[in-house]
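Notes follow the structure.
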Amino acid sequence: MILPIWVPPHPFGTTAPLVLWLNGGPGCSSIGYGAAEEIGPFRIHPDGKTLFVNSYSWNKVANVLFLDSPAGVGFSYSNSTSDLYTSGDQRTAEDAYTFLLHWLERFPQYKHRDFYITGESYAGHYVPQLSQIVYEKNKGIQNPILNFKGFMVGNAVIDDFHDFVGTFEYWWTHGLISDETYQNLNIHCDLEVAEHASDECNKALDMADLERGNINPYSIFTPTCNTTVSTRRNLRSHRIRNLLRNRHLRLSLNYDPCTEMHSTVYFNLPEVQKALHANVTGVSYPWETCSDIIADHWNDSPRSMLPIYQELIAAGLKIWVFSGDTDSVVPITATRYSLDTLNLPTLIKWYPWYDNGKVGGWSQVYDGLTFVAVKGAGHEVPLYRPQQALTMFKSFLENKPMPHRAV
């Protein structure tokens, strides 16, 4: 069973689109991250017991559905324990599609609405794969209940080869690693293989860890959560893939780098679980933001999502990709290298976009895809730059380029 949280907008609930949000990992909770510290209507206070309003929640303009997937993530579960050890991309996409159909039967008022799929990090796999299934299932249907219009992903794992090239380059150009380590990473790490790194590659990655020091790789210019410094990096046998996992502590725009700890306290409160109709069986283990079992046994991860991009661009769907430019885990360089291989004609050249009179980032509009860079944002763009993220989301829904001028 996959646990969703649905947040309707106000006052536009009768006409607003339906938007699905997915966090990645693989194995991380969309409720723990997306809903609780990114785009949901509330954030969690440091006491782990009370909430405050997120003034820039996306439910101001859309009905937002947060989905914990695959089964075993967050409060979701399977009646077959073996499922936790056999998860992968294809089954995750298929289960999510089945869930959406059943959810719409439960809430038929949302059938035929404009429907979008959004997410970040390893959801760079989930989002296009689910989008492909919805698109193909809708073929030949005049008025589909999932009226799919397009997708948007941020700091997304897209293509292993270009992700790795761009990641190592970002580390080097931002002064995080030495010339020697940069050279060793490019020499010894097979940039087309995400799993089972060689001993020499692992040595180079170990040296990169040492040279970067105690920083938050998901937002390189903001402070770390000092209470968990020793546990933040656990790059075991799958070193390169772990670098792309959305599994570590996040930092708060309100200068609270321990926000994930607050979520862990909050979602383990019995009264919260009761209100969410979650953990009805009373499991013995605590709620966690991410599942190590699922992450460590992930068995299906294609090297590239670019073929799906090509298929859905040709189909005329709306596709936006955004990137926070202070993320060193899935950095902007990796994303730009991946998108460049699509060889799309440019409609609007690279330009600064504005929010509230200030540069919010940069954008380029291609024939079939819009790319948005968000200035000063880390891996979770809506966490670090919530106002700019909401401006971007509105532009996406309205199918308008990012604002060109300071107003």
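What follows draws every value from the coordinates through simple rules; no lab data is involved. The structure displayed is predicted, hence computed values, not measured ones. Counting neighbours? That spans all protein chains shown, and the Cβs are built from the backbone with ideal geometry, glycine included.
Please sort 63-73, 264-274, 158-168 by packing, taking for each peptide the average over its residues of neighbouring beta carbons within 10 angstrom, highest first.
63-73, 158-168, 264-274
Please compute the net charge surrounding His188, taking Lys and Arg as +1 and Asp and Glu as -1 over other residues with Cβ under 11 Å from its Cβ. Walk me through the numbers on the way to the answer.
Details: positive: Lys203; negative: Asp190, Asp199, Glu200.
So the surrounding residues net to -2.
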* Asked: What residue among Ser80, Ser338, Ser301 shows peak mean-square fluctuation when the chain is described by a Gaussian network model with Cα springs under 10 Å?
  -> Ser80
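Give the peptides 392-403, 36-47, 175-186 in descending order of average Cβ contacts within 10 Å, highest first.
Values: 392-403: 18.3, 36-47: 20.8, 175-186: 16.7.
Those peptides, ordered most packed to least, come out 36-47, 392-403, 175-186.
If we sort 142-148, 323-329 on the protection proxy, mean other Cβ atoms within 10 Å, highest first, what's the order?
Ranking the peptides 142-148, 323-329 by packing returns 323-329, 142-148.
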* Asked: Ordered by residue, what ³J(HN,Hα) values in Hz, to whole numbers, does the stretch 51-58 give under the Karplus form 6.51 cos²θ - 1.76 cosθ + 1.60, where θ = phi - 60° and Gly and Pro are x?
  -> 10, 9, 6, 8, 5, 10, 5, 6
* **Cα pair distances in the stretch 277-407, grouped into 10 Å bins until the bin that holds the longest one, percent each** => 11, 33, 30, 17, 8, 1
* Asked: Taking amide hydrogens as modeled 1.01 Å from N in the peptide plane, which residues meet the under 5 Å criterion relative to Phe42, leaving out close sequence neighbours?
  -> Asn54
* So what are the three principal axis dimensions of the chain from its Cα atoms, in whole Å, longest to shortest? -> 59, 55, 41
* Projected label distance in nm at Lys349 and Ile215, using a 7 Å step from Cα toward the beta-carbon -> 3.2
* Structure fact -> Scoring only Lys, Arg, Asp and Glu (+1, +1, -1, -1) among other residues with Cβ under 12 Å from the Cβ of Gly376 yields 0
* At 7 Å along the Cα-to-beta-carbon direction for both Asp206 and Val265, put a label point, then send me their distance in nm to one decimal. => 3.7
* Structure fact -> Here the net charge surrounding Ile39, from other residues whose Cβ is less than 11 Å away from its Cβ (Lys, Arg +1; Asp, Glu -1), is -2
